[in-house]
Amino acid sequence: MRSPAGDARVTVVQTVPEFGAVEANRETTVAAVREHADSDLVVLPELATSGYVFESHEEVAAAAEPADGPTAQAWADVAAETDTWVVGGFPEEDGETRYNSSLIVSPEGVEGTYRKTHLWNEEKRWFEPGDDVPAFETPFGRLGVQICNDIWFPELTVTQARDGVDIVALPTNWVPEVSDRPAGWTMGVHQSVAAANANRVFVAAADRAGTERGVTFEGQSVILGPDGVPLAGPLPDSGSHAATADCDLSRAREKALTERDDALGDRRPDVYDT
């Protein structure tokens, strides 16, 4: 059963893509959406169709596709079949330029793309950064999108919260920042908790897992409420999994913390060094 009108059943899918196996990875994502057809929104990982650890422009070119390409068509078809919104990552080709992007797909078709604003490390060799932060009206609320490293930049979530976004879909490929971190410690989860709590928005983070060319990804996909408390997950740090939560998105529209405190109203942009 779907959530009542105004609420959203949200699923984050944690996959283990095979590098370069675009068709097989695409089929995995389609099967995952179909498996969670009772959800209003399914979020898939960053670069879910391609894998992440590129070593040449030729590899990027082989995996990249336009925003109206085969992945868009496959996700549009399964979204229409299941009456589900889908957000997931793919390497986008736009002429000679390539972006680390997410597709936003509804049962009516492709609603748009989001191009990662804050590229990380080697991504800067292969992709150009995006410069637009769109929001999408859905039957269950206002949807924003970030990708992985974006969540480290508080200004982006503030911008989305001020734009009335209720839930941020976060396709991601988290990797360890330090080799000697405590077991189970994933900074991406903590950054997502902080962003959700500070801005009173839901965050649905879909990470990948597995090891690719010596890089081990952290998994631990999670759905957070606007107080930063997990509603589902974090999932295990390895393997393919999914987590689902029923989210009352109206909670994200109340920014008052107490009678005298407001998450957005108390901001002081006049004194910030931006």
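Please treat every number below as a calculation from the coordinates, not as lab data. Just so it is clear, the structure is predicted and the values come from calculations on it, not from any experiment. Backbone-built Cβ (ideal geometry, glycine too); neighbour counts: all protein chains shown.
I'd like the distance between the alpha-carbon centres of region 238-271 and region 2-65, rounded to an integer number of Å.
Using only Cα atoms to place each centre, the spacing works out to 25 Å.
Quick check of the Kirkwood formula: for region 169-263, what is the inverse mean of 1/r over all pairs of different Cα atoms, in Å?
Values: mean 1/r = 0.0710 Å⁻¹.
It works out to 14.1 Å.
How do the peptides 84-97, 66-79 rank, highest first, by the average count of neighbouring beta carbon atoms within 10 Å per residue?
Working: 84-97: 21.7, 66-79: 18.6.
Going by the mean number of other Cβ atoms within 10 Å, highest first, we get 84-97, 66-79.
Just want to confirm a number: the relative contact order over region 35-90, from Cα pairs under 8 angstrom separated by 6+ residues, in percent.
Relative contact order of region 35-90: 65 percent.
Please sort by residue number the GluC sites (Glu not before Pro) in region 112-176 whose DSSP state is loop and whose Cβ has at most 13 other Cβ atoms within 10 Å.
Qualifying residues, ordered by number: Glu122.
Points 7 angstrom from Cα along the Cβ direction at Trp152 and Trp120: gap in nanometres?
Inter-label distance under the simple model: 0.6 nm.
Taking 0.36 nm per residue of sequence separation and subtracting the Cα-Cα distance, how much length would be gained by fully extending the chain between Met187 and Glu96, in nm to one decimal?
29.4 nm
In debye to the nearest 20, how big a dipole does region 85-211 give about its Cα centre with +1 on each Lys and Arg Cβ and -1 on each Asp and Glu Cβ?
Computed about the Cα centre, the dipole is about 440 debye.
Each label point is 7 Å from the Cα along the Cα-to-Cβ direction; what then is the distance between the points at Arg213 and Asp261, in nm?
Placing both labels 7 Å beyond Cα along the Cβ direction yields 4.5 nm.
Highest GNM mean-square fluctuation, the chain, Cα pairs closer than 10 Å: which of Phe136, Phe202, Phe19?
Fluctuation is largest for Phe136.
Would you work out which of Gly109, Ala196, Val13 lies farthest towards the positive end of the dipole of region 7-252, given +1 charges on the beta-carbon of Lys and Arg and -1 on that of Asp and Glu, about the Cα centre?
Ala196
I want to check the label-to-label distance for Asp132 and Ala21. Put each point 7 Å from Cα in the C-beta direction and report it in nm to one decimal.
Result: 3.4 nm between the two label points.
Using the Cβ atoms and a cut-off under 13 Å, what net charge is assigned to the surroundings of Leu231, where Lys and Arg are +1 and Asp and Glu are -1?
Net local charge, Leu231 excluded: -2.
Is there a quick way to get the dipole size of the chain? I mean about its Cα centre, with the Cβ of Lys and Arg at +1 and of Asp and Glu at -1; what is the value in debye to the nearest 20?
For the chain, the charge dipole is close to 660 debye.
Do the sum for the chain: with -39,500 (n - 2.57) for every DSSP H run of n ≥ 4, divided by all residues, what is the mean residue ellipticity at 222 nm, to the nearest 500 deg cm²/dmol?
-6500 deg cm²/dmol
Take the alpha-carbon positions of region 7-252, form their convex hull, and give its projected area averaged over all directions (one quarter of the hull surface) in nm².
Dividing the Cα hull surface by four gives the mean projection, 11.3 nm².
Counting Lys and Arg as +1 and Asp and Glu as -1, each charge on the Cβ, what is the dipole of region 12-134 about the Cα centre in debye, to the nearest 20?
Computed charge dipole of region 12-134: roughly 280 debye.
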